[in-house]
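These notes concern the structure reproduced below.
What follows is calculated from the coordinates using simple rules that are stated; it is not laboratory data. Since this is a predicted model, take the numbers as computed values, not measurements. Note: ideal-geometry Cβ built from the backbone for every residue, glycine included; neighbour counts use all protein chains shown.
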Amino acid sequence: MSRADAVPGRHGPARGRTGPPDEVLVECRDAAVTFGQGAHAVVAVHGASLTVRPGDRLAIVGPSGSGKSTLLHLLAGLERPTGGTVVRPAPAGPRDIGLVFQSDSLIPALDVVENTALPLILADVPEERARRAALDALALVAADDLAERLPEEISGGQAQRVAAARVLAQAPRLVLADEPTGRLDHATGSRVLDALLMAADRTGAALVVTTHDPAVAARFGTRRTMRDGRLLAAEEAS
Ligand code: ADP
Ligand code: MG
């Protein structure tokens, strides 16, 4: 399936930082990750090859322990490949990659709106503008009523929505979301997914999620399966 028909343009044509059509945001070439050494070595990712371009909608599907998070961290540049290469042709600026972590990633001392605005503040966006963008993003995931709370005052599912809002506020060119609906009920998960897809449509960003939920994967134009650290070819996936 081509990128153009991966997701119908329900929200109008992409605008923003789209770049040339063949632009590559990140490419893994036979990239592998082994944790530990010798008898204790765990190969989390075996030689994965994958290219992500602007506008891509990719779901990486697989059971727990199959290497999804490790692959996503490779794409994010958080993990270095122990074999093969990960290439980012365009230099990644502070707002170019946005990551929604699988586990809690909010800063305890900051309230929800401050946490959401943080990537913008770090990118020197003026505070008032950053705060407004953060509140807009929180509204998109129905979490604006949590704005003044501290992370310890919200649930795990609410924290996951705030993490999604943080990436929406940042509006990066590449959004990587690790099981973004994993702790949410169906309706809330669907709303978060709507918000991520809508924001990616609006900005022309690429959206890559990991999930073990077929209903989530079904909303993505491209699905790739991971099994025991291997990224299966598209035609191998069932
Ligand atoms: P998934 O996200 O699909 O559940 P992960 O990428 O988290 O899978 O993990 C893949 C494998 O790598 C698992 O066997 C896991 O235990 C192992 N692993 C992940 N991170 C580390 C680490 N930092 N150190 C050692 N082993 C790890
Ligand atoms: Mg994981």
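Data table
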read-out	value
Neighbour-limited loop hits for GluC sites (Glu not before Pro), the stretch 136-226 (at most 15 other Cβ within 10 Å; DSSP other than H, G, I, E, B)	148
Exposed trypsin sites (Lys or Arg not before Pro) absent: longest stretch of the chain, with sites in DSSP loops and at most 13 other Cβ within 10 Å deemed exposed	16-238
Computed lengthening from residue 124 to residue 234, 0.36 nm per intervening residue step minus Cα-Cα distance	35.5 nm
Share antiparallel - DSSP beta bridges, the stretch 26-236, percent rounded to 5	40
Semi-axis lengths (Å, descending) of the ellipsoid that matches the C-alpha gyration tensor of the chain	28, 21, 18
Virtual spin-label span in nm between residue 132 and residue 39, 7 Å along Cα→Cβ	6.3
Residue 49-residue 194 FRET efficiency (beta carbon distance; Förster radius 45 Å; 0.05 resolution)	0.90
Debye, to nearest 20: dipole size of the stretch 26-236, +1 on Lys, Arg Cβ, -1 on Asp, Glu Cβ	660
